[in-house]
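A short write-up of the structure that comes next.
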Amino acid sequence: MTIDFKEKESVIEKVKSLLGGEEKFAMVETYGCQQNVNDSQKYEGILEKMGYTLTHDREKADFIMFNTCAVRENAEKKVFGNIGALKHLKLKKPDMVIAIAGCMSQQESVEKKLRRSHPHVDMILGTRAMADFPEALEKVLSERKRVINRREIDYICENVPTNYDGGCKAFVSIMYGCNNFCTYCIVPYVRGRERSRSMEAVLDECRLLAKKGVKEITLLGQNVNSYGKDLGLTEGFATLLCEVDKIDGIERIRFMSSHPKDISDKVLETMATSRHICHQLHLPLQSGSDKLLKEMNRVYNTEKYLSIVKKAKELMPDIAMTTDIIVGFPTETEEDFEGTIKMLETVKYDSIFSFIYSKREGTPAAKMDFVATEEEIKARFDRLLEVQNRISYELNKKCEGEEQMVLVEGVSREEGVLTSRNYQNKIVNFKGDESLVGKMVKVKITKAQTWILIGEMCE
Ligand code: 5AD
Ligand code: SF4
């Protein structure tokens, strides 16, 4: 099902009139992944259309939304802490509206807790409530009643006003939901089944962004490699990549996340022969133990994973690889963990995103017993970082002396220093004038550090 947001214009107008003539401020605070960042930009776009001015200042806001993440418990705890902290603001400003949206609020247990302990929350919006947001806000503003919407119908929303914030980079969601049910992960439960946007809708958005001066687009989905399967397409993602690559003005194309079970040779070949797709691949491994991969329901083994890496490196010798690793999955033994270290040494990732396993109620892994203690898991995590830091530094060191094109993203904290990214998505800092922000510049790498590269502008 597709919902056209243009149909919401009359409700948006009603909200506008309810807000009155005075300037009203809204803020959206984002937790979690890029998908959430993109959803927040849409909520911001809708709020702007309603007449709100966006702010980053909680004290100033008449409307506050927390767009939340449920992937790990720590993120949830942080959000609950922050919701508690809003109580005093609401006391000072009883007319303000507080909304909790995203993956956390999709869970029944969270709804119960919010209902019981946080009466100052006016709106609880699940992951599929965006289309109902204008009606929800109208109700809260006109009736001063709490609105809860955790509807579970999967749909695609098109023509949603979006606050692209005028930067040189943008996210474009190509699909929503996840069908994979990795045993540790809450995402399929809170974000529903996989559904792809039509290719035309995605391309139209990319073309619009190119017109706005955006230079880099990251195509988003929980598993971009299965893009289009629900539309009856074969090699849908490779085809989409080819089409985005044809759009003039888009200098860089990235995508995430790729599931190793679905990435095809065609996608790798398309990357290799494209004009603008960055030779950079985020390929979540999660664990280097075949036993664990099975228990995680990842549907590939290390041999299959390494065959993808081999193919990618053959086609693109300069490819940068990154991954996600979970440490301390309940059944992880020391030997399983050694398998993960071995994979780090074999693949030689440029960087990794590593997480300590977090138990998520309702997932199959939540019923598994732990074989390692917390201290053992923490020690594994530290060791993983130590190994990866060495590898990252070694790979960065190889960049010294190279001349690379970078996209300047902004000014760094250090006076007179700009921050940029190379095609591998590595951060490159160099001295330069602020007028270069948003531009592609050639830089010579002069010094490698573990997480960033230092460079100087080429004449
Ligand atoms: N605990 C820890 N990390 C998790 N991830 C997903 N679920 C969990 C969990 N329960 C990680 C995976 C995924 C990334 C986005 O978050 O590594 O790829
Ligand atoms: Fe979670 Fe696995 Fe889906 Fe990624 S692919 S969102 S880890 S269930």
#### Entry: Highest to lowest packing among 217-226, 345-354, 75-84, 410-419, scored as the average C-beta count within 10 Å
217-226, 345-354, 75-84, 410-419
### Query
Within a Cβ distance under 9 Å of Leu407, other residues only, what is the Lys/Arg minus Asp/Glu net charge?
+2
### Query
So what's the angle, to the nearest 10 degrees on a 0 to 90 scale, between helix 73-85 and the longest Cα principal axis of the chain?
30
### Query
Counting only Cα, what are the radius of gyration and maximum Cα-Cα distance Dmax of region 2-149, in Å?
14.2, 42
### Query
For helix 374-398, what angle does its Cα long axis make with the longest principal axis of the chain, in degrees from 0 to 90 and rounded to 10?
60
### Task
Give the Rg (one decimal place) followed by the Dmax (whole number) of region 403-457, computed from C-alpha coordinates and expressed in Å.
9.6, 28
### Message
Run the numbers for Asp433 and Asp154: contour at 0.36 nm per residue of separation, minus the present Cα-Cα distance, in nm.
### Response
95.8 nm
#### Entry: Pairwise FRET efficiency - Lys246 versus Glu13, Cβ, R0 = 51 Å, nearest 0.05
0.85
### Query
If one computes the Cα centroid of region 247-314 and of region 41-79, what distance in Å separates the two points?
32
### Task
Using DSSP to define loop residues, name the GluC sites (Glu not before Pro) in region 79-154 whose beta-carbon has at most 14 other beta-carbon atoms within 10 Å.
Glu152
### Task
Quick one: dipole size for region 282-397, taken about the Cα centre, charges +1 on Lys/Arg Cβ and -1 on Asp/Glu Cβ, in debye to the nearest 20.
440
### Query
So, with +1 on the Cβ of K and R and -1 on the Cβ of D and E, and no other charges, what is the size of the charge dipole of region 351-443 about its Cα centre, to the nearest 20 debye?
260
### √(5λ) per eigenvalue of the Cα gyration tensor, region 164-278, largest first, Å
24, 16, 12
### Task
Kindly work out what percent of the DSSP beta bridges joining two residues of the chain are antiparallel, to the nearest 5.
30
### Message
Just to check I understand the Karplus step: with θ = phi - 60° and J = 6.51 cos²θ - 1.76 cosθ + 1.60, what whole-Hz values come out for region 103-112, glycine and proline as x?
### Response
5, 5, 6, 6, 7, 4, 4, 6, 4, 4
### Message
Using a 7 Å offset from the Cα along the Cα-to-Cβ direction at both Thr450 and Lys87, what is the distance between the two label points in nm, to one decimal?
### Response
4.0
### Task
Net charge near Arg197: determine it from the other residues with C-beta under 15 Å of the C-beta of Arg197, scoring Lys and Arg +1 and Asp and Glu -1.
-3
### Task
Identify, among His276, Leu141, Gly401, the residue whose Cα sits farthest towards the positive end of the charge dipole of the chain, taking +1 on the Cβ of Lys and Arg and -1 on the Cβ of Asp and Glu, with the dipole about the Cα centre.
Leu141
### Message
I'm a student and want to see the number: the projected area of the Cα convex hull of the chain, averaged over all directions, in nm².
### Response
22.4
### Task
Could you list which residues have their amide H under 5 Å from that of Thr53, counting only those 5 or more apart in sequence or on another chain, with H placed in the peptide plane?
Lys24, Phe25, Ala26
### Task
Straight distance only, please: which lysines reach the Cα of Lys397 with their own Cα at less than 17 Å, same-chain residues fewer than 8 apart left out?
Lys348, Lys426, Lys444, Lys447
### Cross-link table Lys49/Lys211; Lys24/Lys139; Lys16/Lys211, entries beyond 27 Å C-alpha to C-alpha
Lys16/Lys211
### Summary
With the charge dipole of the chain built from beta-carbon charges (+1 for Lys and Arg, -1 for Asp and Glu) about the Cα centre, the Cα from Met96, Ser173, Asn223 projecting farthest to the positive end belongs to Met96
### Task
Provide the packing ranking of 192-200, 312-320, i.e. peptides ordered by the mean count of other C-beta atoms within 10 Å per residue, highest first.
192-200, 312-320
### Query
Per-residue HN-Hα couplings for region 399-413, Karplus 6.51 cos²θ - 1.76 cosθ + 1.60 at θ = phi - 60°, whole Hz, x for Gly and Pro?
7, 4, x, 6, 9, 10, 7, 10, 9, 7, 9, x, 9, 8, 5
### Message
Can you list residues from other chains, or at least 5 along the same chain, whose modelled amide H is less than 5 Å from the amide H of Thr218?
### Response
Ala170, Phe171, Val172, Arg254
### Message
What whole-number distance in Å separates the alpha-carbon centres of region 368-387 and region 174-229?
### Response
33
### Summary
For His259 the rounded accessible area (nearest 10 Å², probe 1.4 Å, non-protein molecules ignored) is 10
### Query
If you plug each phi of region 59-65 into the Karplus form 6.51 cos²θ - 1.76 cosθ + 1.60 with θ = phi - 60°, what whole-Hz ³J(HN,Hα) values come out, in order, with x for Gly and Pro?
4, 7, 6, 8, 9, 10, 10
### Message
Viscosity 0.890 mPa s, temperature 25 °C: what is the translational diffusion coefficient of region 239-335 from Stokes-Einstein with a Kirkwood Rh over Cα pairs, rounded to a whole number of µm²/s?
### Response
168
### Message
Compute, for the chain, the length of the dipole vector about the Cα centre, with Cβ point charges of +1 (Lys, Arg) and -1 (Asp, Glu) only. Units Debye, rounded to 20.
### Response
800
### Task
Can you grab the distance from the C-alpha centre of region 84-116 to the C-alpha centre of region 431-459, Å, no decimals?
43
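The values are calculated or read from the model by the stated rules, or taken from the named source; none is laboratory data. As the structure is a prediction and not an experimental result, all values here were calculated from the model. Cβ sites come from the backbone with ideal geometry, for glycine too, and all protein chains shown count toward neighbours. These area figures cover heavy atoms from the full protein model, side chains too; ligands, DNA and RNA do not enter into them. Shrake-Rupley method; radii C 1.70, N 1.55, O 1.52, S 1.80 Å.
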